[in-house]
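Some notes on the structure that comes next.
The values are calculated or read from the model by the stated rules, or taken from the named source; none is laboratory data. These numbers come from a predicted model, not from an experiment. Using ideal geometry, Cβ is built from the backbone for each residue, glycine included, and neighbour counts are taken over all protein chains shown.
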């Protein structure tokens, strides 16, 4: 069985083996958890068979589907999950492009580390995008913080039983401009994550049981979306993934 090792080098050059993983994604995720924690002078990296583990939109969809199911079982709130995602994304902020394995690792790491505290300043901050489309880490951060601020507003004005049909975020007086549309359809990590990839990249299959397509005609194969290779992803891609998590049905 293949294994991937998380390694650490301390500030005087000593190297240590930290942990062994049976997947490259979980090893990369552990590195992100370490790198996003308390500031330190250690260096962490992964040794093992080269990637990628995530080669297609289908691969990424299945990763997100599994993470959503685990988040549901662990009773994560969507706000907590997104605050954790924001936290573990910081170590990657300087990279203009990400490998799909890095993206999968970010979301996997978010499910295994305590979330950042909500900062009330986010609610009143101008989080609008400077351009027509999101570009770079800063814009992804604006999108994520906009969603977190919306979810905080929903705590005082809950969406109610018809939330699945769509409801606008309250955005009370004093709210800053936000990078995301006010409409929300998905309020838990499992639904958010499934819709995030299904809406932005596809990769779903009716046999997964998470998405109900229109009835097929007799003799037609089960419905599924087109499977395609993905090699790199931008922060703009991640911002669009986040918006789909909010509004895609």
Test for residue 47: is it more than 26 Å from residue 204 (Cα to Cα), surrounded by fewer than 23 Cβ atoms within 10 Å (Cβ to Cβ), modelled with pLDDT of 95 or more and out of contact with any helix residue (DSSP H, G or I) (no Cβ under 7 Å at 6 or more places or on another chain): yes
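Specify the residue that is surrounded by the most Cβ atoms within 10 Å (Cβ to Cβ); the eligible residues are those in the range 82-92 that are in contact with a helix residue (DSSP H, G or I) (Cβ under 7 Å, 6 or more places away or on another chain) and within 19 Å of residue 147 (Cα to Cα). Spell out the reasoning first.
From the range 82-92, those in contact with a helix residue (DSSP H, G or I) (Cβ under 7 Å, 6 or more places away or on another chain) are 82-86, 88-89, 91-92; that's our starting set.
The next check asks that each one be within 19 Å of residue 147 (Cα to Cα); those that pass are 82-86, 88-89.
Numbers: 82: 23, 83: 23, 84: 25, 85: 23, 86: 21, 88: 27, 89: 24.
Going through the qualifying residues, I end up with 88.
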Return the pair list, or none, for Cβ contacts closer than 7 Å from residues in the range 116-132 that are in the same structural domain as residue 239 (by the TED database) and in a loop (DSSP other than H, G, I, E, B) to residues that are modelled with pLDDT of 95 or more and surrounded by fewer than 17 Cβ atoms within 10 Å (Cβ to Cβ), at least 6 apart or on different chains. 125/176; 126/176; 126/177; 127/176; 127/177; 128/177
Of the conditions (1) under 23 Å from residue 194 (Cα atoms); (2) touching a strand residue (DSSP E or B) at 6+ places or on another chain (Cβ under 9 Å); (3) outside the structural domain of residue 107 (by the TED database), the single one that residue 61 does not satisfy is (3)
When you check residue 178 against the structure, is it in a loop (DSSP other than H, G, I, E, B) and crowded, with 18+ Cβ neighbours inside 10 Å, yes or no? yes
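Looking at 84, 75, which is the one that is on the phi > 0 side of the Ramachandran plot and assigned by the TED database to the domain that holds residue 194? First the steps, then the outcome.
Values: 84 fails: on the phi > 0 side of the Ramachandran plot.
None of the other options fit; the residue is 75.
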